[in-house]
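Values quoted throughout were computed directly from the atomic coordinates according to the rules given, and no laboratory measurement underlies them. Here the structure is a predicted model, which means the values were calculated and not measured. Cβ sites come from the backbone with ideal geometry, for glycine too, and all protein chains shown count toward neighbours.
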């Protein structure tokens, strides 16, 4: 069956940067590669480009399929495509696999050109600031001087915010979804438990497991299971799983009995086969470290003084990991600086994962915002 408004088959591309980049941690990469995808066409004035920033385990494959037999399309396919809220008949959409990522950009799995060996544990810690800096090199390569919009959910929303702090003159519109200006202690705690599950896996080998027979799948499984628990709301779990059992009677053993257990085991197994352990622990560290106010004694409002972009901020009522109150911190600080900002708090059952879902109200808000952007050109 033909998919409605699909962008069809897409291919990833490789951007090779030969200029050195100084990272936040103090290390310098002499060169690097970013894997990216684009959808739609860049117009003559090159002012219709929209950068989509991915979240923790996302990648450059935002929409479409790499081949017809792919089981699932890109991770935000419901949002991006012809006649979808982010309409590829009007906008030139860019998805980038962040530096250090899992899908082919320079990262822990890559070969260190100096040693000719896999980077492994020696690959540096990357920050949100580093990601935005490297994304900018790719945007420049594409000949784009100013982004029509930058959009992201969760960790992607932090990147969208950081674009405005590093390059305030080069972003016209910003959409931040289910995000926060920094992590709470509780969120940092969740990330530390996830990292410890990986680091203490005997197969992790201090991050140098690539030439070994076994990979740290046990640690990755637990990390992913923990993540899924925090991404879903209690109501979503109750509605989807409740206390449903796979067998009529209790088995009185430690095998999988409840459907929620089966779901978490499936997600953990799938993730452990696909994702790199060194990448995961570094991505969570980037989340922990991000805090625009850390080098400024003034509060968030002071940091936002140079922002020039128009904003749309969206949160979800059931999102307890990045609650609406955190989005409102961003909104208040924008308003303190008389920045044009719209805010929507959407009723949704799905929890933090709601930003990835197809919801009519949510998508209509985005659709209206992008239509107004296009009209204002």
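Report, largest value first, the span of the C-alpha coordinates of the range 188-285 along each principal axis, in whole Å.
That gives 45, 28, 20 Å along the principal axes, largest extent first.
Please compute the length gained on full extension between residue 262 and residue 246, using 0.36 nm multiplied by the number of residues separating them and subtracting their Cα-Cα distance.
Length gained, residue 262 through residue 246: 4.9 nm.
Expressed in nm to one decimal, what extension gain is obtained for the pair residue 336 and residue 188 from 0.36 nm per residue of sequence separation less their Cα-Cα distance?
50.5 nm
Using 13 Å as the cut-off for backbone N distance, which residues of the range 83-104 belong to the label zone defined by a point 7 Å from the Cα of residue 6 along Cα→Cβ?
Backbone N within reach: none found.
Treating each Cα of the range 11-135 as an identical point scatterer and ignoring solvent, apply the Debye formula and state log10 I(q)/I(0) at q = 0.17, 0.22 Å⁻¹.
-0.91, -1.26
Thinking of the range 246-304 as a set of Cα atoms, what percent of all their pairs are more than 12 Å apart?
Percentage above 12 Å: 78.
Kindly provide the pair-distance distribution of the range 228-377 built from C-alpha pairs, with 10 Å bins from 0 and whole-percent values in order of increasing distance.
9, 25, 30, 22, 10, 4, 0
Going 7 Å from the Cα of residue 30 toward and past its Cβ, which residues in the range 93-117 have a backbone nitrogen under 19 Å from where you end up?
Hits in the range 93-117 for residue 30 at 19 Å: 100, 106-117.
Just want to confirm a number: the relative contact order over the chain, from Cα pairs under 8 angstrom separated by 6+ residues, in percent.
After rounding, I find 17 percent.
Please pull out the direction-averaged projected area of the chain, using the convex hull of its alpha-carbon atoms, in nm² to one decimal place.
Computed as one quarter of the Cα hull surface, the answer is 20.2 nm².
Based on the inverse mean of 1/r over its pairs of different Cα atoms, what is the Kirkwood hydrodynamic radius of the range 62-201, in Å?
17.4
Out of all Cα-Cα pairs in the range 23-84, roughly what percent, to the nearest whole number, are more than 13 Å apart?
Here the long-distance tail beyond 13 Å is 73 percent of all Cα pairs in the range 23-84.
What order do you get for 169-176, 20-27, 49-56 when each peptide is scored by the mean count of other beta carbon atoms within 10 Å, highest first?
The densest-packed peptide leads the list: 49-56, 169-176, 20-27.
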